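Worksheet for the structure shown next.
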Amino acid sequence: MKETLLLNQITYTPEETYQCGVDFASKVNNGDFIALFGDLGAGKTHFIKGIASVLTPAAHVQSPTYSIVKTYQGPNVTLCHFDMYRITSEDDLISCGFFDYENCIIATEWSENIEYALPSSYYRVNIQKDDTASNTRMLTISLIQQEA
Ligand code: ADP
Ligand code: MG
């Protein structure tokens, strides 16, 4: 497994985390997989909103916690936004249709719950809260590639 660090940044406001998503959107291509990790309120949805503002500007983005997945159509790509918070088994994952999604960009919140189902290559976005400063987040983006 090869891990290439692409970004390691501290954000101090939700807007900065959103902007990291905006900047990251230019790197993303159809078929890419973006796995987000981080606790409740870390800023995963803010980051995805930033991505979506570039790729699917007309979409209204919110955490699809109850529906599990929302699909946003852009002019050039489709963005599939999963929230895996309630996915606790592989049966759940099969039931929500996860393995049927293709020809799109996939972004998953709560990737902790589906680590076994992540593809061989993906972007890993980790957003970590700071215990001592309520609006501070450590944001890292790496590209994970399975070695051939
Ligand atoms: P998640 O999807 O990880 O549960 P959200 O993006 O829905 O998180 O919400 C993040 C919450 O944290 C929002 O209430 C936001 O205002 C707040 N927040 C405070 N500081 C930051 C920051 N630096 N980055 C992102 N969100 C922040
Ligand atoms: Mg969320």
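Could you list all residues from region 102-131 that are within 14 Å of ligand 1 (Cβ to nearest atom) and either at pLDDT below 95 or not β-branched (Val, Ile, Thr) (or both)? Ala107, Glu109, Trp110, Ser111, Glu112, Asn113, Asn126, Gln128, Lys129, Asp130, Asp131 - these are the residues of region 102-131 that are within 14 Å of ligand 1 (Cβ to nearest atom) and either at pLDDT below 95 or not β-branched (Val, Ile, Thr) (or both).
Tell me yes or no: at least one residue of region 129-138 is farther than 21 Å from Asp39 by Cβ and either outside any strand (DSSP E or B) or among the β-branched types (Val, Ile, Thr) (or both). No: region 129-138 contains no residue that is farther than 21 Å from Asp39 by Cβ and either outside any strand (DSSP E or B) or among the β-branched types (Val, Ile, Thr) (or both). Going by the conditions given, is Ile87 at pLDDT 95 or above, within 19 Å of Cys20 (Cα to Cα) and among the aliphatic types (A, V, I, L, M)? For Ile87, the condition - at pLDDT 95 or above, within 19 Å of Cys20 (Cα to Cα) and among the aliphatic types (A, V, I, L, M) - is not met. Among residues of region 31-61 being among the charged types (D, E, K, R) and in contact with a Phe, Trp or Tyr (Cβ under 9 Å, 6 or more places away or on another chain), the one that is nearest to ligand 2 (Cβ to nearest atom) is Lys44. Comparison of Ala148, Ala58 shows that the only residue that is without any contact (Cβ under 8 Å) to a residue 12 or more places away in the chain, part of a loop (DSSP other than H, G, I, E, B) and farther than 22 Å from Tyr12 by Cβ is Ala148. Of all residue pairs spaced 6 or more apart or on separate chains, those with beta-carbon atoms under 6 Å, a first member in region 107-125 that is on the phi < 0 side of the Ramachandran plot and a second member that is outside any helix (DSSP H, G or I) and among the hydroxyl-bearing types (Ser, Thr, Tyr) are Arg124/Ser142. Put simply, of Ser63, Ser53, Ser67 the only residue that is in contact with a helix residue (DSSP H, G or I) (Cβ under 7 Å, 6 or more places away or on another chain), part of a loop (DSSP other than H, G, I, E, B) and polar (S, T, N, Q) is Ser63. Looking only at region 84-105, decide whether some residue is part of a helix (DSSP H, G or I), in contact (Cβ under 8 Å) with a residue 60 or more places away in the chain and crowded, with 20+ Cβ neighbours inside 10 Å. Scanning region 84-105, I find no residue that is part of a helix (DSSP H, G or I), in contact (Cβ under 8 Å) with a residue 60 or more places away in the chain and crowded, with 20+ Cβ neighbours inside 10 Å, so the answer is no. Filtered by the rule that a residue be hydrophobic (A, V, I, L, M, F, W, C), crowded, with 22+ Cβ neighbours inside 10 Å and within 11 Å of Trp110 (Cα to Cα), region 35-66 gives Ala35, Leu36.
The values are calculated or read from the model by the stated rules, or taken from the named source; none is laboratory data. What you are looking at is a predicted structure, and each value in this text was computed from that prediction instead of being measured. Here the Cβ is made from the backbone with ideal geometry for all residues, glycine too, and neighbour counts use every protein chain on show.
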